[in-house]
Amino acid sequence: YHPDKQEADVPAGEVEERVQRFIEIDQAWKILGNEETKKEYDLQQREDNLTKEWPLHAQIHLEDMSWNEDEQCYTLSCRCGGNYTVFKSETKDVSLVCCDTCSLVIEIL
């Protein structure tokens, strides 16, 4: 797909498609090649997958969850008896949290 390696007899429309594909690959490399942007990408993918696959149980404000000083995390009991847990270091990056026992998910507002 590299533009410099195009054959001379390739139709113009195909050249455009190949250039577009090269741009997409280059953008993906820039995102996945950087630790910070890869982390953001992975979190977004995880969140997208959760909303597609798992039922959203509730929308909760972080301050409505219980704070555990020793563990440095927020917790909330699930109706199944399990817990939703958000560590302090994750509070800015996480908006969906899975129950540790069942398939329910909460959204942090």
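The values are calculated or read from the model by the stated rules, or taken from the named source; none is laboratory data. Computed from a predicted structure; not experimentally measured. Cβ sites come from the backbone with ideal geometry, for glycine too, and all protein chains shown count toward neighbours. To get the accessible areas, we keep the full protein, side chains included, count just its heavy atoms, and leave off ligands, DNA and RNA. Shrake-Rupley method; radii C 1.70, N 1.55, O 1.52, S 1.80 Å.
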Q) Do you know which residues across region 35-66 are in contact with a strand residue (DSSP E or B) (Cβ under 6 Å, 6 or more places away or on another chain) and surrounded by 12 or more Cβ atoms within 10 Å (Cβ to Cβ)? A) 47, 50, 54, 56, 57, 58, 60, 62, 65
Q | Verdict on residue 74 being open to solvent by 50 Å² or more (accessible area, probe 1.4 Å) and either farther than 18 Å from residue 99 by Cα or touching a residue at least 24 places away in the same chain (Cβ under 8 Å) (or both) | A | no
Q | Considering residues of region 84-102 that are polar (S, T, N, Q) and touching a residue at least 24 places away in the same chain (Cβ under 8 Å) only, the residue most open to solvent (accessible area, probe 1.4 Å) | A | 91
(Q) Condition check: touching a helix residue (DSSP H, G or I) at 6+ places or on another chain (Cβ under 6 Å) and not β-branched (Val, Ile, Thr). Does residue 96 satisfy that? (A) yes
Q.
Pairs needed: first member in region 30-43, within 22 Å of residue 96 (Cβ to Cβ); second member anywhere, aliphatic (A, V, I, L, M); C-beta distance under 8 Å; at least 6 residues apart or different chains.
A. 37/31; 38/31; 38/32; 41/31; 41/32; 43/94
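Table: residues versus (1) assigned to a strand (DSSP E or B); (2) at pLDDT 90 or above.
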| position | (1), (2) |
| --- | --- |
| 45 | no, no |
| 49 | no, no |
| 67 | yes, yes |
| 71 | no, yes |
| 81 | no, yes |
| 94 | no, no |
| 103 | no, no |
